[in-house]
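Encoded as structure tokens, the structure appears first; notes follow it.
Just so it is clear, none of the values below were taken in a lab; they were calculated from the coordinates. These numbers come from a predicted model, not from an experiment. Neighbour counts run over all protein chains shown; Cβ positions are idealised from the backbone, glycine included.
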Amino acid sequence: MQFGSSSVQLMKVLIVEDHPLVRACVRRDCLAIPDWSIVGECASAAVALVLLAVRQSDLLILDIGLPDDDGFTVAAAARALRPSPAILVLTSYLNEFTLAQCERHRVQGFLDKAHSTEVELGVALRAIEAGHTYFGTAYAAARKDWKADPRAIAKRLSDHEVRILSLIARGLDDREISDKVGAKPTTVRTHRDHIRHKLGVHTTPQLMAFAVQRGFGGIH
């Protein structure tokens, strides 16, 4: 779908949100916009991955604090699609992990559940429909601080190392991580050592604490 074109086209929306009240509010606001339709809605990452595969959508409205996985698993699957839907993230989590993942997956918008209003949701939806992006002031301020932080994890690790760090922060051992990333346990152990060296920490417990403090332990 080409956003902002002069011809009238149907905007197909997929809503992934585990709170029924929030989901109902989002659904209502989407359906209040002419030529918008809901092609699916769900409360888990597992179902979202199925819906993405079988129902074409132009906009993915995504809660990242899902009960079975963090929503960035869904964002990654959405970005692998061609064409790929626009992504509007809804969450109350705003930390380095969230910022890094929003950048990595090139999301078009971000709303903080704790502070955003229904009016702001409408503004964000209209902005994305027009082919623009929408990020609230809290996100903009946090992103500015993150970019200026010389100790930011994303500045010191590769995407693959960030993935491994997130799994370490969740308490997985080398063999469990190897199953997740498709590498040998010895390779994972080497990555773990490199990550500790790059981040300037000496032990795995210190590494876990540092990662969790910055949100890299996952969101669910």
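Placing dummy labels 7 Å off each Cα toward the beta-carbon, the span from Ala130 to Arg143 is 1.7 nm.
Within the range 46-190, DSSP assigns beta bridges of which about 10% are antiparallel (rounded to the nearest 5). Within the straight-line cut-off of under 21 Å between alpha carbons, the lysines reachable from Lys147 are Lys155, Lys198, sequence neighbours fewer than 8 places apart in one chain being disregarded. Straight-line cross-link reach from Lys113 at under 22 Å between alpha-carbon atoms covers these lysines, not counting any fewer than eight positions away in the same chain: Lys144. At full extension, Lys198 and Arg156 could sit 14.5 nm farther apart than now, given 0.36 nm per residue minus the alpha carbon distance. Scaling against 2.2 N^0.38 Å puts the C-alpha radius of gyration of the range 82-151 at 1.11. To the nearest ten degrees, helix 118-129 and the longest principal axis of the Cα atoms of the chain are 90 degrees apart. Of all aspartates and glutamates in the structure, the ones whose alpha carbon falls short of 17 Å from that of Lys180, not counting any fewer than 8 places away in one chain, are Asp68, Asp69, Asp70, Asp159, Glu161. Exposed loop sites, defined as trypsin sites (Lys or Arg not before Pro) outside DSSP H, G, I, E and B with at most 12 other Cβ atoms within 10 Å, are absent from the longest region of the chain, namely 152-220.
With the largest listed first and rounded to whole Å, the semi-axes of the equivalent ellipsoid of the range 11-147 from the Cα gyration tensor are 20, 17, 14. Translational diffusion coefficient, Stokes-Einstein: compute it for the range 153-213 using the Kirkwood radius over C-alpha pairs as Rh, at 25 °C and 0.890 mPa s, and state it as an integer in µm² s⁻¹. In µm²/s, the coefficient is 218.
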